[in-house]
Amino acid sequence: MVCDNKEDEGNYTLKVMFSTERGIEPFLARSISGAGKVYPAPFSFKGRVLVEDISELSLLRLIYRNPLYHKAYIVMGNISISKERECLYDIYQRVLESHIFDILDFRLPFAVKTTRKGNHHFTSEDVSAYIGAAIIDGCRKRFGFRAPVDLKNPSIILSADVINDRFIWGVELIGYESMHKRRWHVFYHRAGIKTTLANAMLILGGYSPFSVLLDPMCGSGTIPIEAAHRCINLPAAYFRKEEFIFLKAGLFKDLWFDVVEEENRLIQWSKNCFIFASDRSSKSVQGALSNAKRALVSDKISFLNCDVKDLENSLLSKIDIIVTNPPYGIRMGGLNKAKESLISLFNAFEESCAKTLVIIHPNVPLVFEVLAKYSFVVDKKIEAYNGNLRVALLRLIKPF
Ligand SMILES: C[S@@+](CC[C@H](N)C(=O)[O-])C[C@H]1O[C@@H](n2cnc3c(N)ncnc32)[C@H](O)[C@@H]1O
């Protein structure tokens, strides 16, 4: 049992801090709402979702299945701090006095990773160094050995978040690499979106396994491939099941492989999906197909090499939802090209039977400028980030 000491009440619960793309917290929070008490953006920490009172089994299922999170750590402590350097001693003391030494075997190499937001008279490296020192001193005192540090290839990662006057820390479950990397990419598009954002867009569009979906600007295929995985119930970590750092740290080993086996039984390999993906670039379509093969869903998606302007009515008349990531005009083409792409896309939406179009775009004024000539309305706007780029997820619907 790995659990967190609920400081005030003296009883034991598992608390987990998830991270995701900023703006996507409400989607992640909703998707895990049954697993425990869920707090999106706790302590105003954007891109984080805190879950309390979650069982080990629910946590492992979530870690294997959920397509919306990037990383997760089991919370070991949560204290308020000042912005002065003196609080580094409080951090050191809290870690030293924690029960982490009963949970993990620090003969295994460890590393500490801190994320800091706000104004402080110390850096994230300082915080990591004090946590590391507490682990080394704690092990020496309790067990008489020096805990080895290995920043490149650790078996244990301790994660910490410092945001304004909060310090939260714990045991990392995922590793250094965010879960938005699914390991099915063999072809990367230079303007590709994260798989987590693609899932948020699909949820926003109301995609279900019964929907007929089109991504007419599919690039490397992120949106249709993630849709196909949703359709057949493929766990998001299917291609990463053996790489979790908690396995290297020796946690949950027996339970994990039972969970994986149980969840894999729910995959519907022979399910029909109704997913269409097209792009005017033949290189992108070839690349997306290679990705779909690697992702084991090439038979679930119909790929077409076609400009959105030339999509046939016979296809457009079948579509329920369009979810796509048009060019922003930042990395390629410029603003005029971005505008042209939006016009072609909106024309296709107008001609199609789709009731809903979801797009991701950084230039909302441009989208509204183009939109003015159409009768659709934006009924939902989510402000988010794709890495450091501010974007909006926009849901457009046709009038009745
Ligand atoms: C931002 S990228 C899409 C990236 C994709 N979501 C991914 O994750 O890889 C935009 C794509 O739109 C395609 N595109 C631009 N204008 C188009 C048009 N008029 N018809 C079809 N595809 C177009 C480009 O070739 C490019 O692959």
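FYI, it's all coordinate maths here, none of it is from the lab. Here the structure is a predicted model, which is why all the values come from computation and not from measurement. Cβ atoms come from the backbone with ideal geometry, glycine included; neighbour counts cover every protein chain shown.
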Violations at 20 Å Cα threshold for listed pairs 309/337; 318/398; 318/373; 37/253 -> 318/373; 37/253
Rounded to the nearest 5, the percent of DSSP beta bridges in region 85-196 running antiparallel is 40 percent
So the angle from the long Cα axis of helix 124-143 to the longest Cα principal axis of the chain, reported in degrees to the nearest 10, equals 40 degrees
Percent antiparallel among DSSP beta bridges confined to region 4-172, nearest 5, equals 75 percent
So for R0 = 22 Å, FRET eff. of residue 340-residue 306 from the Cβ-Cβ r, to 0.05, ends up at 0.85
Longest principal axis of the chain (C-alpha) makes with the long axis of helix 253-264 (C-alpha) an angle, in degrees to the nearest 10, of 10 degrees
Descending packing, highest mean Cβ count within 10 Å first, for 119-125, 317-323, 67-73 is 67-73, 317-323, 119-125
Tilt, helix 195-204 to longest principal axis of the chain (alpha-carbon atoms), in degrees rounded to tens, equals 60 degrees
Karplus ³J(HN,Hα) for region 38-52 (6.51 cos²θ - 1.76 cosθ + 1.60, θ = phi - 60°; Hz, whole; x = Gly/Pro) runs 10, 10, x, 6, x, 6, 6, 8, 5, x, 10, 9, 9, 10, 10
Expressed in angstrom and rounded, the centroid-to-centroid distance over alpha carbons for region 221-250 and region 161-194 is 13 Å
At the level of C-alpha centres, the distance separating region 251-317 and region 378-400, in angstrom, is 23 Å
Expressed in nanometres to one decimal, the distance between label points 7 Å along Cα→Cβ at residue 390 and residue 283 is 3.2 nm
Checking rank on 161-173, 30-42, with mean other Cβ inside 10 Å and highest first, the result is 161-173, 30-42
Per the rule of 0.36 nm per residue minus the C-alpha distance, extending residue 86 to residue 347 adds in nm 87.9 nm
DSSP beta bridges in the chain: the antiparallel percent, rounded to 5, is 65 percent
Given 197-204, 52-59, the highest-first ranking by average Cβ count within 10 Å works out to 197-204, 52-59
Phi angles of region 221-238, converted by Karplus (6.51 cos²θ - 1.76 cosθ + 1.60, θ = phi - 60°) into ³J(HN,Hα) in whole Hz with x for Gly and Pro, give x, 4, 5, x, 5, 5, 5, 5, 5, 4, 4, 8, 6, 7, x, 4, 9, 3
